[in-house]
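What follows is a short report on a single structure.
The values are calculated or read from the model by the stated rules, or taken from the named source; none is laboratory data. This structure is a prediction, so every number in the text was calculated from the model and none was measured. Heads up, the Cβs are rebuilt from the backbone with ideal geometry, glycines too, and the neighbour counts pull from every protein chain shown.
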Ligand code: BEZ
Ligand code: FE
């Protein structure tokens, strides 16, 4: 395929050298915190193609999407109904749902990791002050139920200060991702799902820089003003809520 491509475009020696230089700079950009090759795979749509091939949609199981570079392994435990924003600025947002298997059997004690940017589009790890905010994990209750407070997700650009950003610019593509909230959901004897939810009707849903949007992951986020939240909290300003039911596939045997 590579030879056919070179023949097809009649690759010159200058173009070959430019490609080697691009890949060299991509490698040089990588360290413990930055994986420019994964980002390259993401913007080429290769990450989503690989996910789609290995986790075909339509089985009733929650669809997967890209992990992204901002997951942190040891995000703090938050009690059911607690606040994973933990100080991240933004409009308070209540998210609730269930985790079940495809037959609807509740998965009790499933671990749900959640992470998100703040309202300015930055993850905690993008600040230099060492803060931990906008992330945490909860465990489902006796009915496979979960709930937490977070902030209403905001759109933001993928890191575009490296070779991948140069590639997007050279091809006239936007680095923006639509607003989303990341989930990683794990339960014993079930396949882990890494996914996001996207608020319906928000910007960039059709032009996600990493092709991560799937229809089944677009969810209604209902905007409210004041009143009583589902956990009985009296709200004075604007807030939102969303529901997302998650289905995990059992592992074989
Ligand atoms: C993100 O959602 O945070 C993300 C995903 C893929 C590449 C860059 C950022
Ligand atoms: Fe993200």
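Residues in the stretch 238-250 that are in a strand (DSSP E or B) and modelled with pLDDT of 95 or more were compared, and the one that is surrounded by the fewest Cβ atoms within 10 Å (Cβ to Cβ) is 238.
Just one of the listed residues (225, 196) is at negative phi, surrounded by fewer than 17 Cβ atoms within 10 Å (Cβ to Cβ), in a strand (DSSP E or B) and at pLDDT 95 or above, and it is 225.
Residues in the stretch 57-79 that are surrounded by fewer than 15 Cβ atoms within 10 Å (Cβ to Cβ) and either within 16 Å of ligand 1 (Cβ to nearest atom) or modelled with pLDDT of 95 or more (or both) were compared, and the one that is farthest from residue 194 (Cα to Cα) is 79.
The number of residues in the stretch 161-193 being more than 14 Å from ligand 1 (Cβ to nearest atom), under 19 Å from residue 48 (Cβ atoms) and surrounded by 17 or more Cβ atoms within 10 Å (Cβ to Cβ) comes to 2.
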